[in-house]
Amino acid sequence: GGEMQALKERRKHERFNVDQSCVLLSPLMVLSYEVLDISNSGLAFSYAGWENWPRKGVKLDFIDQNLYLEDLPVRIIKDAQLDEGSKKLRRCGVKFTDLNAQQEAMVKQYIESVTSN
């Protein structure tokens, strides 16, 4: 299984599924109750409606029962329709841009807590 292994390692940060989290994005105030996955480098969430993201200056708040992080600087890297069936729902992927050490540590700690269950 050498090939599978190589494929796995190419993905720098593992992603983990998250349930019951919510993200709030400003300046547009997009609220999402469904974080699809998260990694040390970013996260993906589904949301209804919006596509015209500002190029920069997007901040994200991440809230769930184990973590509350606000004002994380992010860059929108991908935004697409979630699936054919739901015209409204979109999936948006963001990359954390300039996390400070504390924010990085909290994200990491959070991911460890999600994976240890």
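The values are calculated or read from the model by the stated rules, or taken from the named source; none is laboratory data. Fair warning: this is a prediction, and the values are worked out from it, not measured in the lab. No Cβ is skipped: glycine too gets one built from the backbone with ideal geometry, and neighbour counts run over all protein chains shown. Just the protein is used for accessible areas: all its heavy atoms, side chains included, with ligands, DNA and RNA removed. Shrake-Rupley method; radii C 1.70, N 1.55, O 1.52, S 1.80 Å.
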Starting from region 88-106, keep only residues that are in contact (Cβ under 8 Å) with a residue 24 or more places away in the chain and in a strand (DSSP E or B), then list their pairs with residues that are open to solvent by 50 Å² or more (accessible area, probe 1.4 Å) and among the β-branched types (Val, Ile, Thr) whose Cβ atoms are within a distance under 7 Å, requiring at least 6 positions of separation or different chains. Gly93/Ile77; Val94/Ile77; Lys95/Ile77
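Per-residue answers, yes or no, for (1) farther than 15 Å from Val107 by Cα; (2) surrounded by 13 or more Cβ atoms within 10 Å (Cβ to Cβ); (3) charged (D, E, K, R); (4) under 16 Å from the mean Cα position of the chain (by Cα):
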site: Arg55; (1), (2), (3), (4): yes, no, yes, no
site: Val58; (1), (2), (3), (4): yes, yes, no, yes
site: Phe62; (1), (2), (3), (4): no, yes, no, yes
site: Asp71; (1), (2), (3), (4): no, no, yes, yes
site: Arg75; (1), (2), (3), (4): yes, yes, yes, yes
site: Glu84; (1), (2), (3), (4): yes, no, yes, no
Would you confirm, using the coordinates I've provided, whether Phe45 is of a type outside the set (A, V, I, L, M), buried (at least 17 other Cβ atoms within 10 Å of the Cβ) and under 22 Å from Ala101 (Cα atoms)? no
Scan region 11-31 and report the pairs whose first residue is over 14 Å from Gly93 (Cα atoms) and surrounded by fewer than 16 Cβ atoms within 10 Å (Cβ to Cβ) and whose second residue is among the basic types (Lys, Arg) and modelled with pLDDT of 70 or more, with Cβ atoms within less than 8 Å and a gap of 6+ or a chain change. Ser26/Lys59; Pro27/Lys59
Among the residues in region 50-59, are any more than 21 Å from Lys88 (Cβ to Cβ), basic (Lys, Arg) and modelled with pLDDT of 85 or more? yes
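Among residues belonging to region 86-111 that are at pLDDT 90 or above and of a type in the set (A, V, I, L, M, F, W, C), point out the one that is surrounded by the fewest Cβ atoms within 10 Å (Cβ to Cβ). Quick ask: steps written out before the conclusion?
So the first thing to find is which residues in region 86-111 are at pLDDT 90 or above, and the list is 91-109.
Now drop any that are not of a type in the set (A, V, I, L, M, F, W, C), which leaves 92, 94, 96, 99, 101, 105-107.
Details: Cys92: 24, Val94: 23, Phe96: 20, Leu99: 18, Ala101: 7, Ala105: 11, Met106: 17, Val107: 22.
Among them, the one singled out is Ala101.
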Apart from one, (1) under 25 Å from Thr115 (Cβ atoms); (2) surrounded by fewer than 16 Cβ atoms within 10 Å (Cβ to Cβ); (3) at pLDDT 85 or above all hold for Leu36; the odd one out is (2)
